[in-house]
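Undergrad: I am attaching a structure below and will ask some questions about it afterwards.
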Amino acid sequence: MDDLLRLDDQLTPEQRMIRDAVRSFVADRVLPDVADWFEEAVFPARELAPQLGALGVLGMHLDGYGCAGLDAVSYGVACRELEAGDSGLRSFVSVQGSLAMFPIWKYGSEEQKQEWLPRMAAGEAIGCFGLTEPDQGSDPAGMRTIAKQDPSGDWILNGAKMWITNGSVADVAIVWAQTDDGIRGFVVPTDTPGFSAPEIHKKMSLRASVTSSLYFDDVRLPASAVLPGVTGLKGPLSCLSEARFGILWGVLGAGHACLESAVDYAKTRLQFGKPIGAFQLTQEKLAWMAVALEQAGLTALHLGKLKDAGTLKPHQISFGKLANVRAALDIARQARSVLGANGITLEYPVIRHMNNLESVLTYEGTQEVHLLTLGKVLTGLDAFR
Ligand SMILES: Cc1cc2nc3c(=O)[nH]c(=O)nc-3n(C[C@H](O)[C@H](O)[C@H](O)COP(=O)(O)OP(=O)(O)OC[C@H]3O[C@@H](n4cnc5c(N)ncnc54)[C@H](O)[C@@H]3O)c2cc1C
């Protein structure tokens with residue numbers, strides 16, 4: 001399929017090498033099996049994690065401690081290629097690198113960094129990020145998970161988190177909790193007594209991804225378990241900004257896979273004596289899908305350059321997450337219609353991507369939350385409070 005604007009011509013030779021390496025990993029290790037994983041609702045995290053570590057994509061935008069220290073566009077391109085495989089695969093890498101490793105790297109003590117980052121970069125240890133709770137989603141400020149210091153200085157953690165990617169397979173959880181000083185982050189080894197992480201079942205989206213609840217029942221942690229470098233909601237929000245950047249690139253991969261599938265199908269499926277791709281109505285669908293994909297690609301590349309220049313603002317990330325997820329979801333829905341009845345089977349990637357993108361629309365800030373973020377910048381009026 002032709003890449004109409006040839007945006008990848010703007011990538012450096014190193015960025016293209018990363019693209020090609022991740023693309024061939026996905027082609028060899030993921031695409032042959034991912035429909036089965038989705039159907040069976042499994043994600044072989046333990047098997048894939050060291051392979052992703054060897055590929056160099058875990059915490060690839062961080063430096064030191066065994067991380068690759070690559071630029072933002074490289075990280076984005078890797079996310080794009082991973083999500084062309086499946087949003088679950090990209091979610092695993094986003095959570096590991098941006099939501100679990102990033103807070104340790106940015107706000108952790110030297111001891112926490114030494115203990116966790118090299119093993120996480122290698123995929124020997126898996127991380128998760130616990131912010132959302134059963135009763136607090138878009139508004140995490142009201143979280144009820146609480147950490148109190150007892151007279152010995154130990155922290156005692158109580159509460160529950162919900163919808164936590166990698167929860168049941170994680171070795172370490174970054175847990176955000178209320179303390180007497182405000183919201184703090186805790187590095188919680190998942191074998192600590194009182195910690196449990198049952199998996200959430202019956203999902204119809206992101207089935208090739210582990211999603212869990214986390215429960216903390218008098219989890220006793222040493223004083224050193226707190227992330228010393230941040231207090232308040234800006235801690236978890238800064239992690240979400242990192243991960244949202246990966247999403248606004250990642251969904252380009254899902255969108256591309258859907259468009260490619262629709263174009264291939266339209267060229268070979270015959271109705272009324274000719275390929276359905278020869279009908280003007282089909283061509284119109286494909287052309288709009290390509291326009292949306294290329295516009296999303298332009299947005300991602302621009303925001304990547306801003307991030308590499310150190311000037312990217314949170315509302316610009318909201319713009320990208322909002323616009324690009326919406327574009328990818330629209331592309332997936334149109335592609336599904338081009339495939340007719342075949343559009344609903346896992347023999348083709350389209351319905352899998354389409355269902356996955358429903359989660360991507362919701363997590364890391366829903367569409368509405370990002371719209372209100374942009375509305376606030378445009379009007380100066382805060383619709384949240
Ligand atoms: C597959 C999956 C994986 C996830 N992984 C993680 C993870 O690893 N870690 C983690 O912490 N969380 C994770 N989440 C949770 C995710 O971030 C939340 O689902 C999301 O923040 C929305 O919260 P909610 O589902 O409670 O919806 P709610 O906040 O209850 O929102 C419900 C609806 O109300 C709308 N709404 C809310 N407030 C407003 C408002 N002020 N104005 C207008 N509309 C509003 C929302 O946009 C939405 O449409 C995951 C979710 C999914 C589905």
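The values are calculated or read from the model by the stated rules, or taken from the named source; none is laboratory data. Not measured: the values here are computed from a predicted model. Counting neighbours? That spans all protein chains shown, and the Cβs are built from the backbone with ideal geometry, glycine included.
Undergrad: List, please: which pairs have Cβ atoms under 6 Å, are six or more places apart or on different chains, and start with a residue in segment 362-384 that is closer than 17 Å to Leu237 by Cα and within 11 Å of the ligand (Cβ to nearest atom) and end with one that is in a helix (DSSP H, G or I) and of a type in the set (Val, Ile, Thr)?
TA: Glu364/Ile247
Undergrad: Out of Tyr107, Tyr75, which single residue is away from the ligand (no atom under 13 Å from the Cβ) and either over 30 Å from Phe384 (Cα atoms) or touching a Lys or Arg at 6+ places or on another chain (Cβ under 9 Å) (or both)?
TA: The match here is Tyr75.
Undergrad: Now, a different point. Looking at the structure I just gave you, is Ser212 under 17 Å from the mean Cα position of the chain (by Cα), part of a strand (DSSP E or B) and closer than 25 Å to Glu358 by Cβ?
TA: Considered against the rule, which asks whether it is under 17 Å from the mean Cα position of the chain (by Cα), part of a strand (DSSP E or B) and closer than 25 Å to Glu358 by Cβ, Ser212 comes out as yes.
Conditions (1) in contact with a Lys or Arg (Cβ under 8 Å, 6 or more places away or on another chain); (2) of a type in the set (D, E, K, R); (3) not assigned by TED's automatic domain parsing to the domain that holds Val263, marked per residue:
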position	(1), (2), (3)
Asp308	no, yes, no
Thr311	no, no, no
Pro314	no, no, no
Ser318	yes, no, no
Ala328	no, no, no
Ala332	no, no, no
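Undergrad: From Gly97, Gly85, grab the single residue that is within 16 Å of the ligand (Cβ to nearest atom), touching a helix residue (DSSP H, G or I) at 6+ places or on another chain (Cβ under 8 Å) and under 23 Å from Glu364 (Cβ atoms). I'd like the intermediate steps shown before the answer.
TA: Numbers: Gly85 fails: within 16 Å of the ligand (Cβ to nearest atom).
One residue alone meets the criteria, Gly97.
The rows are residues; the columns are (1) within 18 Å of the chain's Cα centre (by Cα); (2) assigned to a helix (DSSP H, G or I); (3) surrounded by fewer than 19 Cβ atoms within 10 Å (Cβ to Cβ).
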site	(1), (2), (3)
Ile164	yes, no, no
Ile174	yes, no, no
Gly185	no, no, no
Pro193	no, no, yes
Ser205	yes, no, no
Phe216	no, no, no
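Undergrad: For Trp249, indicate whether it is surrounded by 14 or more Cβ atoms within 10 Å (Cβ to Cβ), at pLDDT 95 or above and closer than 22 Å to Leu357 by Cα.
TA: yes
Undergrad: While we're on this one: All but one of (1) out of contact with any Pro (no Cβ under 7 Å at 6 or more places or on another chain); (2) farther than 18 Å from Leu312 by Cβ; (3) not hydroxyl-bearing (Ser, Thr, Tyr) hold for Gly66; which doesn't?
TA: (1)
Undergrad: Considering segment 125-162 alone, what residues qualify as being away from the ligand (no atom under 13 Å from the Cβ) and either touching a Phe, Trp or Tyr at 6+ places or on another chain (Cβ under 8 Å) or not assigned by TED's automatic domain parsing to the domain that holds Ser196 (or both)?
TA: Ala125, Ala147, Lys148, Gln149, Trp155, Leu157, Asn158
Undergrad: Mind checking which residues of segment 37-55 are buried (at least 19 other Cβ atoms within 10 Å of the Cβ) and of a type outside the set (A, V, I, L, M)?
TA: Scanning segment 37-55 gives Trp37, Phe38, Phe43, Gly53.
Undergrad: Turning to a different aspect of this structure: Just the residues that are in contact with a Phe, Trp or Tyr (Cβ under 9 Å, 6 or more places away or on another chain), in a loop (DSSP other than H, G, I, E, B) and either over 21 Å from Leu252 (Cα atoms) or modelled with pLDDT under 95 (or both), please, taken from segment 337-385.
TA: none
Undergrad: Output the residues belonging to segment 140-149 that are in contact (Cβ under 8 Å) with a residue 12 or more places away in the chain and surrounded by fewer than 16 Cβ atoms within 10 Å (Cβ to Cβ).
TA: Ala141, Arg144, Ile146, Lys148, Gln149, listed by residue number.
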